[in-house]
1. Could you report chain A's accessible area per residue, 1.4 Å probe, as an integer in Å²?
2. So how much slack lies between A:Arg564 and A:Ala393, counting 0.36 nm per residue of separation and subtracting their Cα-Cα distance, in nm?
3. List, in order, the whole-Hz ³J(HN,Hα) value for each residue of the stretch A:321-331 obtained from phi through the Karplus relation with A = 6.51, B = -1.76, C = 1.60 and θ = phi - 60°; use x for Gly and Pro.
4. Name the residue farthest towards the positive end of the dipole of the protein assembly as shown from the options A:His480, B:Phe91, A:Phe535, assuming +1 on Cβ of Lys and Arg, -1 on Cβ of Asp and Glu, about the Cα centre.
5. Provide the three semi-axes, in whole Å and in decreasing order, of the ellipsoid equivalent to the stretch A:347-441 as defined by the square roots of 5 times the Cα gyration tensor eigenvalues.
6. Nearest-5 percent of antiparallel DSSP beta bridges in chain A?
7. From the mean inverse distance of alpha carbon pairs (Kirkwood) and the Cα radius of gyration, derive Rg over Rh for the stretch A:226-283.
8. Where the Cα atoms of the stretch A:337-395 are projected onto their three principal axes, how long is each span, largest first, in whole Å?
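The values are calculated or read from the model by the stated rules, or taken from the named source; none is laboratory data. What you see is a predicted model; the values in this text were computed from it and never measured. When we count neighbours, we look across all protein chains shown, and the Cβ atoms used for this are built from the backbone with ideal geometry, even at glycine. Side chains included, ligands, DNA and RNA excluded: accessible areas come from the protein's heavy atoms. Shrake-Rupley method; radii C 1.70, N 1.55, O 1.52, S 1.80 Å.
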Amino acid sequence: MNMSTRARASTVVVAFTAALFPALAANGTAELQATEEYRRPDPFGGIVAADHGDLSSFWRALSIEGARGAYVSFHLVAKVPTPGPYALTLRFEGDAGNLQLDLFREWFHFTDSDKQYYPDALIPVALPYRSHLPEPDNRIAQQTAQAFWVDLWIPPDARPGAYRARAVLEAGGTSSVLPIELQVLPAIVPDEDVMLMDHNSYGTSWIADDYPNVSRKLGEAFFQSDEFFRLIHAYHRIFYENHGIFHQLGYGHAGKVGPEFAPALEGSGRRRHIANWNLYDRHYGPLFDGSAFAQSRRGSRPIPFVYLPVNPEWPASFINWGEPGYEAEFANVLSEMERHFREKGWTRTHFELFFNHKKRYMGFPWDGDEVRFPRDNKYFLEYGRLLKKALPADTPVQFVFRADVSWDMEHQFKELGGVVNMWIAARDVLSWLPGMPQKLRDRGDVIWYYSGPPVVTEPASTITQFALQGWIWSAGGFVHWLTVDPGKDPWFHFNGGGTALVYPGERFGIEGPIASVRLKIQRNAVQELTLLASFQKRIPVAELKSEAARLYNHTSLAEWYNPRPALADQPTYDWSGTALDEATKPAMSHLEKIDPAGWSRVREYILRLAAEEK
Amino acid sequence: MKIFLLSLVLLVPLAGAERDMARELDEVARIATVMVDGDVCQRIVTPRALDYMFKQDPHDPWAAGDNYEVNDEAFIAIKKTLERLSRLAPFPCDVNLWMPIAGHPDKIRVVIRNVHELSQFWPWGALYQDMIPQMKQVLGTGRRVTVTEKPGWVSVLAPVYNSLGDTVALVEAVSQKRLDSHENVK
């Protein structure tokens, strides 16, 4: 939600009104209020401590604006001091054109680490919404407020101009009205995100655990069922709809491949070949042709990236490593895959040759992931040779060789140039290599960086830093290393969500994932950043970045980098984790505590520029 | 009565299959004792990695894993032997290499795992762990031991000798009655 100058003025007015009558709700009168997305409500009528809110954070009227091809969001808060039933309605008034709205009830997670409640999981609800406070399923005895996340979707072809909506809370025989004014700007957020936000995961056994009703019902047939593949596609859809992508790694550290991640093989040596594509095609076909996204507001399109199942044990058996048989098995199967993809027309997805294994897990004698010992790089060169041998030089299928790099990245960028062409770099080491992402992109490589989701106990705005940092660094994407593991009991004993940005919906009768507040905030930041980047047609990109950094956390662009430390000239296998942490402290210190209003200021700047667009 | 007879018919072959599995794995393990070269096994993990394995640094909890390294020639030679041994069985099985740790008699570590990612003893991710009593027995007596503690699992442990005749390692020939095709795909 943007606070343009005009909107900020009206916010000041409503905030002042709220401040004058803070006792109304406490006296037993139900009241409907709103907060901006970075001020998360708690279940008792306040703002969670991490987001530094107070009574002035609550508004009784909203005046907001947004660009087309984007969402505008805020929290609605139903404050019902007396236990009992309530009803909430939300609808446009007058001609809403093709605008749409979505309402989600916010689940309050009890977080074990600090014994507080945080809203994060978003349960889609139909309007009008009727329930009781305290919400029966959330089981918070003293609950007096229920928060809802509102998404207003502004299609790219929406009519610019003013729209009005109205939210009404009815409880205890009274009603409370919250008027909403939405100004739709002519500017359109471009289709292609300026930062590709990737959400990673491993295998599929967690799907059976997260959806016990369907997996128990189907038993051993679950992993080959239509329900199983529908669930996988639902995860891709939720991330895509929220301006991200989804990766699932399909093999283990010693080379075991999940059957749905690879075609079935037969034979050995020169007779090794693909025997069956059935599970693979059911899994990936709708993702590679885009049909899995047919109902999306963003339109259907093929997933841009996918892991191949290739590892040192697949498709060639490691028993033949270094022998002609290994090369034959590898080349036979990879060339069959290339042919299959080409014949199917799956040419818009990048197929990643990627090694995830680490020697500490005792499967193989070299690190595929995060090389620390430079001698391991010779294996990458060998696989580069094998891949080249397997593929026709003029193939339209986009194979890429991906490496996730940390300690040795500076050396690897040079030694493996022309072999590896997709890099997922650790944030710490990349921070002292300014200019490197652009250099890599200039030579045609893909460069993203990685970290993980912030926990809910951090300020809500924390998650916006990844897209902004990546854009400032000229990286093309960012990877959250794990995003589908909310822990054993995310509902009542939450671990904070450092490995989750979605939740299983089965508890709420939804056979698929549900989004989180953090994912939505990230989505909004990405779409706004994409709009900002589009202004470089008329404003130098350095100026855009510089102003965004200043507004975000009062930094200069130089402060987003670290000086190259002395340890960078030492052998990487001698670096200690402690020294690495020390070396990256200066830049990281600016990102440790993000001001809840940080992204609001950036958004205000973006929408001001958008308003200037012809 | 009918159900009882039906159960008997179903259970007898199952028990027989389990016996067959144990017998096959025992044969794999017996051959492994002859085929796996203990001197090469001793060269797999570097002294530096072993040194880091027990260092404690509260500021760097991953130091042991980050500094884990192996001599790849020795690793590959033994891994290939283990993979060949696993092919002796008519069902999917792994032959894992385990080694004791000098100076830490109460600890044991897995050194090589294989493609089915099976082990009855390895807690996922551990660089080393408390000594398994049956492994201690094998290392002490040189006799093979069959372990069926986890329901549905069969492991046969067998000693590995070096050229001096010392027991320097052991193999775990392991399989599962019902393989889980998704476990450990992570």
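1. Heavy-atom SASA per residue in chain A reads 36 Å².
2. Answer, rounded to one decimal: 57.7 nm.
3. 3, x, 10, x, x, 5, 4, 5, 5, 5, 5
4. Projecting each Cα onto the dipole axis, the largest value belongs to A:Phe535.
5. 22, 18, 11
6. Looking only at bridges with both residues in chain A, the antiparallel portion is about 65 percent.
7. 1.09
8. Cα extents, longest axis first: 39, 19, 16 Å.
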